[in-house]
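Before any comments, here is the structure.
The values are calculated or read from the model by the stated rules, or taken from the named source; none is laboratory data. Bear in mind that the values here come from a model prediction, so they are computed numbers and not experimental data. Don't worry about glycine lacking a Cβ; one is built from the backbone with ideal geometry, like all the others, and counts go over all protein chains shown. The accessibility values were calculated without ligands, DNA or RNA, using every heavy atom of the protein model including side chains. Shrake-Rupley method; radii C 1.70, N 1.55, O 1.52, S 1.80 Å.
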Amino acid sequence: MATEEGDARGRTERLGFHSVDREYDTTLPVHGTLPGWLAGTLLRNGPGRFAFAEGAVDHWFDGLAMLRRFELRDGEVRYRTRFLDTEAYEAAANGAYAGFGTAPDAGLLRRVWNRLSPPDATDNTSVNVWRYGDETVALTETTALTAFDPETLDTRRRTDYPDAVDGQTTTAHPHHDRERGETVNVATRFGRQSSYQVYRVPDGSWDVESIARVSTDRPSYLHSFGLTERYVVLAEFPLVVAPWRLLAPTDESFIERFNWRPERGTRYHVLDRGTGDRVARIEGDPLFCFHHVNAYEGGAEGVSAADPSTLVVDMITFSDAAAIGSLYLEDLVGEDDPVEGGSLTRVRLDLDAGRASAETLHPGGIGLPRIAPAARRRPYRYVYGQDTGGQPVTGLPGGVMKVDVRTGEATRYRRPECAFHEPVFVPNPYARDGATGGAAAGGAPEDAGVVLTLCLDRAAGRSEFLVLDARDLTELARAPLPHALPLDFHGQFLPAWRHD
Ligand SMILES: [Fe+2]
């Protein structure tokens, strides 16, 4: 059992942020009953190793990428893990590692600086999974991609986004627009002329088409962005970097070179997906977020959803960027688990008046938000997320929660002895009209389906795969894993009946 182990930097690894020393391929025992309609594969990505023979990474985001696969079929759960075969994996074995929050040591920097195009371009693709062309790929925030076999999890090839992606970073949170049959994403170029680029990639292709560009003097750290039917919303938070600081050799990590500049406020750039024009640049209060939740046009009370003059942009926000610092492993392995909880915040952008107004929909302790795929880009009702336990938060997420954005009411599934992963909503494809009436297409209730998640029972020293009824978060089934799984980032469900 992977438990607390020392490492080369003298730090103690803690369950949830520990290194896994083997790969798994097994069928999990199921307690309870999986819904008969539930068939498909949950692919998840996240760190699997933090400590190596000659050292360790400093930040949760920098653990080596390990894929997790849960195949649901005929009432069974097949479980498989594989580390990705990346340059970062090879380098770590040789004592060289750097990343988002881990600085390269000076010797490494001198040796391989020429290879480290700014920012340090790791191929440790540990954040999310996606489909480009006919391939399944692992994503991080650099332009590196790792294509893998979605069944065996074997690494197929190390690659990069096409050159048409104009930047050294691009988010690990693209949007898939099923109606238009395309993925939309944002890249950031750091340089003498810094800019954000919005691009689209048609389904089934690797052809990148630039949609829009916004220049900036101080690029912001963009983890995600908003997408409506007509617009892309770039929320430029005041966590910014002077580009030269990323171009010069340094002993600081990528994110350590950013500064919190609240006097800049948050700048919302609203870009037309069709013309590429910037239709508005609106300044709002300073705030920070990793994760946008949803965005749509026509959010004012009594205003038609078709009215494009007001945009609703929902995000999990923090009052400043201290949340990044709280995810350093030295803090995460400490006694107090000081992970700050985010708040579910609705920002309304009045495009005619050029005004931003923020409203708290739920005051805090929610992380890694997901919504029903059919609710994207339209008025909706439910957000699922980790329950990080109230504000201010001092614990790892001890549950999952569902927030009704119309009422602010929260429903919870809590097990305080456990730490929970991102909850992924999977719609029941056979659901029909019901009483709860959300925004899902086809008349089905928005919450007709299940929530798939994982929890790490830190007392028992092992993880469980969980299937919850999305209506009330009651438990339908649990499947214990044979080991403790490190907390991970994001996953996608690939239904057996179609690609999501
Ligand atoms: Fe993320």
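For the stretch 146-154, the Karplus equation 6.51 cos²θ - 1.76 cosθ + 1.60, evaluated at θ = phi - 60°, returns couplings of 10, 7, 9, 7, x, 9, 7, 6, 4 Hz by residue, with Gly and Pro reported as x. In the distance distribution for the stretch 48-381, Cα-Cα pairs more than 39 Å apart total 12 percent. Among the trypsin sites (Lys or Arg not before Pro) in the stretch 453-500, those located in a DSSP loop and surrounded by at most 15 other Cβ atoms within 10 Å of their own Cβ are ARG498.
Extension gain for ALA93 to ASP272 (0.36 nm times residue separation, less C-alpha to C-alpha distance): 59.9 nm. Relative to the current alpha-carbon distance between ALA459 and ARG73, full extension at 0.36 nm per residue lengthens the span by 136.0 nm. Each of ASP21 and ALA164 was given a label point 7 Å from its Cα along the Cα-to-Cβ line. The distance between the two points is 4.8 nm. One Cα centroid belongs to the stretch 232-248, the other to the stretch 138-194; the line between them spans 19 Å. On the stretch 48-381, 43 percent of the accessible area sits on carbon and sulfur atoms, based on a 1.4 Å probe. In this structure, ASP207 and ARG156 have a Cβ-Cβ separation that, at R0 = 22 Å, corresponds to a calculated FRET efficiency of about 0.65.
Less than 5 angstrom separates the built amide H of ARG218 from none of the residues sequence-distant by 5 or more or on a different chain.
Couplings 3J(HN,Hα) of the stretch 404-409, computed from phi: 7, 6, 6, 10, x, 5 Hz, in residue order, whole Hz [Karplus 6.51 cos²θ - 1.76 cosθ + 1.60, θ = phi - 60°; x for Gly and Pro]. Each residue of the stretch 46-53 is assigned a 3J(HN,Hα), and the resulting list reads x, x, x, 8, 10, 10, 10, 4 Hz, derived from the Karplus form 6.51 cos²θ - 1.76 cosθ + 1.60 (θ = phi - 60°), x at Gly and Pro.
Between LEU476 and VAL467, LEU468, ASP469, the built amide H atoms are under 5 Å apart, and every one of these is 5 or more places off in sequence or on another chain.
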